[in-house]
Amino acid sequence: MTQLATNISIGRLSGYDHDFLLRLYEQMVQIREFEEGVKYLFLQGSMPGTIHQCQGQEATAVGVCSALNEDDFITSTFRGHGHALAKGLSMEEMLNELYGATSGCCKGKGGSMHMGNMSKGMVPAIAIVGGGIPLASGMSLAFKMKKTSQITACFFGDGATSEGAFHEGITLAAIWNLPVVFVCENNLYGASTRVDKVTRLKKLSDHADSFGIRGETVDGNDVIAVYEAARKAVEESRNGDGPVLLELLTYRRTGHSRRDACHYQHTDEKKEWFDRDPIDLFGRALTQLSGIDENQLEGIRDRITQQFEEAVVVAQKEPQPSLDELTTDIFA
Amino acid sequence: MEVEIKMPDLSTTGDEVTVLNWLVEVGQPIKRGQALFEVETDKATMEVESVKSGVLKKQIAQPDDAVSAGAVIAILEVKGPVQDSGKSGPSKESPKHKQTTCNESTSQSAVPSNVPPQADSSAQATTGMFAKNRQAAQRSAVDEDTTIPMSGTQQAVGRRMQQSKQTIPHFYLQTSVNAEPMISQRVLADGGKVAWDAFFVCAVAKSLKKFPRMSCRFKDEQIISLPTGVVGVAVDVDGDLYVVPVVDAASNTPEQTSSVIRKAAGSLRAGDSEFKKLHAADITITNLGIANVESFLPIINPPEASILGISKMEPRVTVLDGEIAIQNRVSLSLAVDHRIVNGRYAADFLGNLVEEIESF
């Protein structure tokens, strides 16, 4: 069984400089604040459409993306706000996108489920379950053929491992030895179906054996563990040692979508995971380091809250696309 | 300052969401993220969190109102200038589920209140937000003198019975039962003070245990087995219809059951809102015998699988051991949801029920 941390010992943080650690914390807080803020905008009726949120899964996005270079790429899913923020998209361009504004990262035509910015290494998210997996293999094939040193980190959920695209996409990456890291965020539920109802595997990383690649299961709520596993996997795949399948064990603190009452998560299970909140876990460890205190972390949270609030005011007034823009950038 | 709380867009197919309960009373403080009210969407029941901290000043939508996304449903009194988000720390979480009344794994059993608390119809009429009230307003504009105001309960009964009659394929079985053993038992039991309904409730509860399919419900094209062990008894209170829940009648005597029914009916008449809410049951019993009805076909109370109608008890000419005899008998009619139960099974249930009643 993979050890799930109830605390992060400061010994494991030695060797990292404080700026790097605080950046990890800030990115996770940014994701949480963004998602919480968007949730209330939705509940107020101010935010159009439904949304799929990732509160509780911040460490997976931040840990993996921190191990990537700026010109590396990610593919994401319908639950993609965290991935986007971790890859360097700004809260502003994402809020503008959510409000359908032309200044949004996809000119207001993508919305919540298609966040992306090619200049920042994120193809617009693919909302079809497992749909990003063959795409990531294709992108990595392009990198390999062009002999760039870029890699792709491909995010998907536990539900995607039952899709044909998962097996087909990873098989291709494996036989062609493509520079890609497959990142399975196992939050225990595919929509409302618990993972143990759809597979007999105890570890989803065991799928790696069937592809002949390396697989590893890591505590996805421990941002340092995620970062270290991702860094190793990124290095291997960049060196031509083949794709890697990472399984990151995590938990979402909200329903599948904003319309999901989430009655299927059991009380005991929720408590266990909520007690291991990735931001709390990491924040507690940080404040034990000399030179970092709670005030500093609170300052980070306050700054991000303010930045979010200011961005909302702007986003709600940004211009919407005009009718003659209807078919621009539309390919099919 | 006042802040309007609007209905979020929670429905996946339609535009309307039904308010089930307020979880905060007017005048109570509420924090951002705390559950404010409970709704039923086309998919599930769920709690909705308050988007602001403040004090609940007014509940505009009432339980059982179908409300469009975006409609104002409450007013909050909030201190100071409007803030979209306060200083919520990164790991705050609303207390979801804490007030859910049903088992977490059986959320589909949550049923809308068919007998909600009395709605304040005057307050609703002024909002003009809710479809059904809009219709009512249009009607009253046309015909003010002849319009009778509809109570909240009657609106709910009407809507649910229409839904039942139009969407549930009812079939009906009719029989009659020898009432003599029940009459003797009643005299013996308590000098004739036991409510007649109590005998039927006890007998039905026993028969349900032998015919589990009768306790199933139909949900999302599936038959769900979620027996509640509850028999509902329809009660008329000043012209409004309510259903009183009777728990575990199979293991209680008619005297005990009678006191449960009488107590609940008394509480209803005294205006106890707890009894006005719907409690999930396996079946409802409706008795029009006191009004001299010879036979009638009741409408199923969704999501139950059947409803038993009881008519008047009267001496009838019958044949006993080849001889003409006079016997007190009661007519029974059972309306059944054909999606859940077929005719033969329901007939066997009814036959067993007759045996139970005749063996008091």
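Just checking, which of A:ARG200, A:ARG258, A:ARG231, A:ARG253 is among the basic types (Lys, Arg), outside any strand (DSSP E or B) and without any contact (Cβ under 8 Å) to a residue 60 or more places away in the chain?
Exactly one of A:ARG200, A:ARG258, A:ARG231, A:ARG253 is among the basic types (Lys, Arg), outside any strand (DSSP E or B) and without any contact (Cβ under 8 Å) to a residue 60 or more places away in the chain, namely A:ARG200.
Only residues in segment A:304-332 that are under 13 Å from A:SER90 (Cβ atoms) count as the first member; pair them with residues that are open to solvent by 50 Å² or more (accessible area, probe 1.4 Å), Cβ under 6 angstrom, at least 6 apart or cross-chain, and list the lot.
A:ALA311/A:GLU92
Would you be able to say whether some residue in segment A:50-69 is within 14 Å of another protein chain (Cβ to nearest Cβ) and either open to solvent by 30 Å² or more (accessible area, probe 1.4 Å) or without any contact (Cβ under 8 Å) to a residue 60 or more places away in the chain (or both)?
There is at least one residue in segment A:50-69 that is within 14 Å of another protein chain (Cβ to nearest Cβ) and either open to solvent by 30 Å² or more (accessible area, probe 1.4 Å) or without any contact (Cβ under 8 Å) to a residue 60 or more places away in the chain (or both).
Residue by residue, here is whether (1) among the charged types (D, E, K, R); (2) closer than 26 Å to A:ASN221 by Cβ holds:
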residue: A:LYS39; (1), (2): yes, yes
residue: A:SER46; (1), (2): no, no
residue: A:GLN55; (1), (2): no, yes
residue: A:PHE73; (1), (2): no, yes
residue: A:GLY104; (1), (2): no, no
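Has segment A:303-317 got at least one residue that is of a type in the set (Gly, Ala, Ser), more than 11 Å from every other protein chain (Cβ to nearest Cβ) and more than 17 Å from A:ALA101 (Cβ to Cβ)?
no
Here's the yes/no breakdown for (1) more than 14 Å from the chain's Cα centre (by Cα); (2) part of a helix (DSSP H, G or I):
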| residue | (1), (2) |
| --- | --- |
| A:MET113 | no, yes |
| A:ILE126 | no, no |
| A:ALA136 | yes, yes |
| A:LYS144 | yes, yes |
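What tally of residues in segment A:283-300 results from selecting those that are open to solvent by 40 Å² or more (accessible area, probe 1.4 Å) and in a helix (DSSP H, G or I)?
Adding up the residues that qualify gives 6.
Go through (1) assigned to a helix (DSSP H, G or I); (2) over 24 Å from B:LEU173 (Cβ atoms); (3) open to solvent by 30 Å² or more (accessible area, probe 1.4 Å) for B:ARG344 and report which single condition fails.
Only one criterion in (1) assigned to a helix (DSSP H, G or I); (2) over 24 Å from B:LEU173 (Cβ atoms); (3) open to solvent by 30 Å² or more (accessible area, probe 1.4 Å) is unmet by B:ARG344, namely (2).
For segment A:263-277: of the residues being of a type outside the set (Lys, Arg) and part of a loop (DSSP other than H, G, I, E, B), which is farthest from A:GLN3 (Cα to Cα)?
Looking at the filtered set, the residue picked out is A:HIS263.
For segment B:143-229, give me every one of the strands (runs of 3 or more DSSP E) that falls completely inside it and has 3 or more residues that are among the hydrophobic types (A, V, I, L, M, F, W, C) and within 18 Å of B:ALA335 (Cα to Cα).
Fully inside segment B:143-229 and qualifying: B:170-178.
Can B:ASP197 be described as out of contact with any Asp or Glu (no Cβ under 8 Å at 6 or more places or on another chain) and over 27 Å from B:ALA291 (Cβ atoms)?
So B:ASP197 fails the test.
Could you list all residues from segment A:24-40 that are surrounded by fewer than 24 Cβ atoms within 10 Å (Cβ to Cβ) and free of Cβ contacts under 8 Å to residues at least 40 places away in the same chain?
Selection gives A:TYR40 alone.
Inspect all residues belonging to segment A:228-250 and state whether any of them is aliphatic (A, V, I, L, M) and at pLDDT below 95.
No, because not a single residue in segment A:228-250 is aliphatic (A, V, I, L, M) and at pLDDT below 95.
Based on this model, can you work out whether B:GLN154 counts as polar (S, T, N, Q), under 23 Å from B:ILE340 (Cβ atoms) and either in contact with a helix residue (DSSP H, G or I) (Cβ under 6 Å, 6 or more places away or on another chain) or surrounded by fewer than 20 Cβ atoms within 10 Å (Cβ to Cβ) (or both)?
no
Name, by its number, the condition in (1) within 14 Å of another protein chain (Cβ to nearest Cβ); (2) open to solvent by 30 Å² or more (accessible area, probe 1.4 Å); (3) farther than 30 Å from A:ASP293 by Cα that does not hold for A:LEU43.
(2)
Residues B:GLU274, B:GLU221: which one is over 24 Å from B:GLN162 (Cα atoms) and surrounded by fewer than 18 Cβ atoms within 10 Å (Cβ to Cβ)?
Criteria check complete, one pass: B:GLU274.
Being within 8 Å of chain A (Cβ to nearest Cβ) and under 24 Å from A:SER257 (Cα atoms) is the requirement here; does B:GLU47 meet it?
yes
Quick check on segment A:17-29. Is at least one of its residues among the charged types (D, E, K, R) and in a loop (DSSP other than H, G, I, E, B)?
Yes.
Could you run through segment A:150-182 and say how many residues are in a loop (DSSP other than H, G, I, E, B) and open to solvent by 10 Å² or more (accessible area, probe 1.4 Å)?
5
Taking the condition of being modelled with pLDDT of 90 or more and among the small types (Gly, Ala, Ser), how many residues in segment B:265-290 meet it?
Result for segment B:265-290: 2.
Name the single residue, out of those in segment B:185-201 being without any contact (Cβ under 8 Å) to a residue 60 or more places away in the chain and open to solvent by less than 80 Å² (accessible area, probe 1.4 Å), that is farthest from B:ARG344 (Cα to Cα).
Checking each candidate, the answer is B:GLY191.
Could you list all residues from segment B:248-271 that are open to solvent by less than 50 Å² (accessible area, probe 1.4 Å) and in a loop (DSSP other than H, G, I, E, B)?
B:GLY271
I'd like to check something: does segment A:264-282 contain any residue that is farther than 21 Å from A:CYS184 by Cβ, within 12 Å of chain B (Cβ to nearest Cβ), open to solvent by less than 10 Å² (accessible area, probe 1.4 Å) and touching a Phe, Trp or Tyr at 6+ places or on another chain (Cβ under 7 Å)?
yes
Which ones in segment B:18-39 are facing another protein chain (nearest Cβ under 10 Å) and either over 17 Å from A:LYS39 (Cβ atoms) or open to solvent by 10 Å² or more (accessible area, probe 1.4 Å) (or both)?
B:ARG32, B:GLU38
Among (1) within 21 Å of A:GLY164 (Cβ to Cβ); (2) open to solvent by 20 Å² or more (accessible area, probe 1.4 Å); (3) in contact with a Leu (Cβ under 7 Å, 6 or more places away or on another chain), where does A:ALA208 come up short?
Condition (2) is where A:ALA208 drops out.
The values are calculated or read from the model by the stated rules, or taken from the named source; none is laboratory data. Predicted model, so just to flag it, every value in this text is computed and none were measured. With ideal geometry, Cβ positions are generated from the backbone for all residues, glycine too; neighbour counts draw on all protein chains shown. Each accessible area value is taken on the protein alone, full model and side chains, heavy atoms only, with ligands, DNA and RNA left out. Shrake-Rupley method; radii C 1.70, N 1.55, O 1.52, S 1.80 Å.
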